[in-house]
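The values are calculated or read from the model by the stated rules, or taken from the named source; none is laboratory data. Quick caveat, the model's predicted, so the values are computed rather than measured. Positions of Cβ are backbone-derived with ideal geometry, glycine not excepted, and every protein chain shown enters the neighbour counts. SASA here: full protein model, heavy atoms, side chains in, ligands and nucleic acids out. Shrake-Rupley method; radii C 1.70, N 1.55, O 1.52, S 1.80 Å.
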Amino acid sequence: MGGTEGYVMEKPRNGKSSNEKPRNEKPRDVKPQNEKQQNEKQQNGKQQNGKQQNEKPRNEKPRNGKPRNGKQYVMALDAGTTSNRCILFDRSSKVVGAAQKEFTQYFPKPGWVEHDANEIWATQLGVALEAMAMAEATAADIAAIGIANQRETTIVWDRETGEPVYRAIVWQCRRTAGYCDELRDRGLAKPIQEKTGLVLDAYFSGTKLKWILDHVEGARERARRGELLFGTTETWLIWKLTKGFAHVTDYSNASRTMLFNINTLAWDEDILRELDIPAQMLPKPMPSSAIYGFADPSYFGSAIPIGGAAGDQQAALFGQTCFRPGEAKNTYGTGCFMLMNTGEKPVFSDNGLLTTIAWGIDGTVNYALEGSIFVAGAAVQWLRDEMRLIETSADSEYMANKVPDTNGCYVVPAFTGLGAPYWDQYARGTIVGLTRGVNKYHIIRATLDSICYQVYDVLWAMGETSGIEPAALKVDGGASANDYLMQAQADICGVSVLRPTCVETTAKGAAYLAGLAVGYWEDKEDVVKSWEIDRTFTPSIPDEERSARLAGWKRAVACAKGWAKE
């Protein structure tokens, strides 16, 4: 599993692959190695018996349900938007060790969001070591590392020093909205969507990368000379873990850059030319389940294969075992994301949905329809941190149940615009229907309900596009633990909501992809056995009430749209 056969890679330029690493790529902060260490590094960079690095190792497949070589766990690195986590899973998909740490959010201007890439790396490595200590595990116990990551977030760094040239520009950042309008006015929205499956929007990596090259002095010239590298978060973490050995991305993350042709599985030369992005700074696209390289022995005590990567939402789709066309899941995190597996052919939408690569595995690529909601859990954080209406996020469930309804109040949490199916980057947060009788409990309940309304909008658009009306919705993510939210979701959508026993499906998906690459799990049927339902929420309100509430939501959205446009 995880081979590259049958995939179209980027065409070589000037006699060598644009993804080939120059000789002097090693970071300057890596200490010179003695001869013994060099030999060890070389052995860790390839398999025995002359096999190449990305081929599947022999003798790794489980026998009689037990992995060989004493490997007990798979490590999942879950690189999120507000925190980094590490979870160790055993073969039955049980959590045996976990750690989490938040990192700093930067908001230098209204609508701008940034991260410190070095802090992302440091916290991710720190929680990995912490989780291993919790499980009393050593590197010898880890079969492979899988990575699930916040998507679209854009990092550019120096090939030699490993130092970022600018802060990471986060997927939420709206600084390139005006440039996207220019491209749209020139008629480029449709050709970009046909190639990438994406709506032309500041959400994606391409225009963020262009902004860095335009605004960091000398950056574009340095990139043309091969001195700078680009990557989304998984590319950055793999590069750091391998100390510059592997500059790669997986197909699912590549499909979120707005630079990748999902039909040919290659970086699109026309889009790169339009955005003036040098191809040599881009990572090598690879399947989502493949051995990309090995974590350097200095981090964990010995080398560990990095065997899987996927954008967090695609990883959650895989972790929810939505392996068949028509199966869908919704993840409640900082944002809210619904994906439906559409099989081995892309399905394009006229309803504001994205067409994206779900994963590449076993020599095939699966596609998905996606509806992206920018603000979900972040709305609860807003209640806690800015409005100070609750002390902890968990309080929102208790507070919402203090009142029987929202007293006619609606909250539209369009803090950074509206995603699918509206795609209004100028929408802004709005509270409507306020009367003298509205109190904080009504506003808290309306904020939770707003998440459910946004999910309904996406579910409706997905059914229209695919012709499939889901009979149920699988859910995961932190907010799925909120029973009020899940019941409200079932009521508003009119379908059953299925919450699994383990809601850590994003990390689990990354673990599955990595474990399959090294034979820790035998095949996809092997991992389906571990998916179990914790609770089913069924609709409990009349159709008339549902229709009335949805009509009020549509009126509220109309008030929020276009607010920031001058």
With respect to Thr536, is the statement that it is open to solvent by 50 Å² or more (accessible area, probe 1.4 Å) and within 18 Å of Tyr332 (Cα to Cα) true?
yes
Could you please find all residues in the range 313-372 being among the hydroxyl-bearing types (Ser, Thr, Tyr) and over 30 Å from Gln105 (Cα atoms)?
Thr321, Thr342, Ser349, Thr364, Tyr367
Tell me whether the range 301-317 contains one or more residues that are hydrophobic (A, V, I, L, M, F, W, C), surrounded by fewer than 24 Cβ atoms within 10 Å (Cβ to Cβ) and touching a residue at least 40 places away in the same chain (Cβ under 8 Å).
yes
Scanning the range 221-235 for residues that are open to solvent by less than 30 Å² (accessible area, probe 1.4 Å), part of a helix (DSSP H, G or I) and out of contact with any helix residue (DSSP H, G or I) (no Cβ under 6 Å at 6 or more places or on another chain) gives Thr233, Thr235
So, in the range 330-353, of the ones that are in a strand (DSSP E or B) and within 14 Å of the chain's Cα centre (by Cα), which residue ends up farthest from Met462 (Cα to Cα)?
Tyr332
Identify, by number, the condition in (1) open to solvent by less than 50 Å² (accessible area, probe 1.4 Å); (2) in contact (Cβ under 8 Å) with a residue 40 or more places away in the chain; (3) among the acidic types (Asp, Glu) that Glu119 doesn't meet.
(2)
If we keep only residues of the range 514-529 that are open to solvent by less than 30 Å² (accessible area, probe 1.4 Å) and part of a loop (DSSP other than H, G, I, E, B), then the residue farthest from Tyr484 (Cα to Cα) is Gly519
Could you tell me which residue of the range 429-459 is least open to solvent (accessible area, probe 1.4 Å), considering only residues that are touching a Pro at 6+ places or on another chain (Cβ under 9 Å) and small (Gly, Ala, Ser)?
Ser450
Take the range 439-489 and flag every residue that is in a helix (DSSP H, G or I) and more than 19 Å from Val411 (Cα to Cα).
Leu459, Trp460, Ala461, Met462, Gly463, Glu464, Thr465, Ser466, Gly478, Ser480, Ala481, Asp483
Output the qualifying pairs, or none if there are none: Cβ atoms under 9 angstrom, residues six or more apart or on different chains, first residue in the range 385-396 and within 23 Å of Gly477 (Cα to Cα), second residue open to solvent by 80 Å² or more (accessible area, probe 1.4 Å).
Leu389/Lys440; Ile390/Tyr398; Ile390/Lys440
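Condition check ((1) of a type in the set (S, T, N, Q); (2) under 19 Å from Leu418 (Cα atoms); (3) touching a Pro at 6+ places or on another chain (Cβ under 6 Å); (4) open to solvent by 30 Å² or more (accessible area, probe 1.4 Å)) across all residues:
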{"position": "Asn149", "(1), (2), (3), (4)": "yes, no, no, no"}
{"position": "Val156", "(1), (2), (3), (4)": "no, no, no, no"}
{"position": "Val165", "(1), (2), (3), (4)": "no, no, no, yes"}
{"position": "Val170", "(1), (2), (3), (4)": "no, yes, no, no"}
{"position": "Ala177", "(1), (2), (3), (4)": "no, yes, no, no"}
{"position": "Gly187", "(1), (2), (3), (4)": "no, no, no, yes"}
{"position": "Leu200", "(1), (2), (3), (4)": "no, yes, no, no"}
Selection within the range 460-487 - crowded, with 23+ Cβ neighbours inside 10 Å and either out of contact with any strand residue (DSSP E or B) (no Cβ under 9 Å at 6 or more places or on another chain) or under 24 Å from Gly352 (Cα atoms) (or both):
Met462, Lys474, Val475, Asp476, Gly477
If we ask which residues in the range 270-293 are of a type in the set (Asp, Glu) and touching a Lys or Arg at 6+ places or on another chain (Cβ under 8 Å), their number turns out to be 2
Residue among Glu327, Glu344 that is acidic (Asp, Glu), open to solvent by 10 Å² or more (accessible area, probe 1.4 Å) and touching a residue at least 60 places away in the same chain (Cβ under 8 Å)
Glu327
